[in-house]
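Accompanying notes for the structure given below.
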Amino acid sequence: MIIALIVLYFVGKRAQKKKEEQDAQIAAAAQTISMLIIDKKKMRLKDSGLPANVIAQTPKMLRRSKLPIVKAKVGPKVMTLICDGQIFDSVPVKKEVKATVSGLYITAVKGMRGPIEAPAKKKKGFMAKLKEKAGK
């Protein structure tokens, strides 16, 4: 058990370093673009409408998972982009925004005319309510 924890610690450390390097590369290639958000969904990579070479480059395990996909009009073109999971809920639909984009990846969104409205809070589920009552 202790050996497993030690192995997980070092694997996690290595993954964190890799993530920091990827974030630095994304930040270096980032540019701000104004776009009109048409639609946003969480869907499988193969159903998303992304270019075939993007799908071919992704690992096979990732192809089955659902990604936050945004369809946006950038200039005269309608493009399919992948959104960061942390900002996906704050992306407004049918509104014009200024987005920080790195390739096909949206990393940040700002409102074009004023601030973006905060997403409505979701209702708590039955189990969440029970856990809260049990905690009191």
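For region 18-74, the equivalent ellipsoid built from the Cα gyration tensor has semi-axes of 20, 20, 10 Å, listed from largest to smallest. Distance distribution P(r), region 85-136, all Cα-Cα pairs, bin width 10 angstrom from 0: 21, 36, 19, 19, 6 percent.
Taking only DSSP H segments of four or more residues, each worth -39500 (n - 2.57), what value at 222 nm results for the chain once the sum is divided by all its residues, to the nearest 500 deg cm²/dmol? Could you put the intermediate results ahead of the total?
Details: 4 runs with 48 residues, N = 136.
Result for the chain, helices only: -11000 deg cm²/dmol.
Normalized C-alpha radius of gyration of the chain, against 2.2 N^0.38 Å?
Numbers: Rg = 18.7 Å, N = 136, 2.2 N^0.38 = 14.2 Å.
Relative to the rule-of-thumb radius for its length, the chain sits at 1.32.
Read the figures in this text as sums done on the coordinates, not as results from a lab. Values in this document were obtained by computation on a predicted structure and should not be read as measured data.
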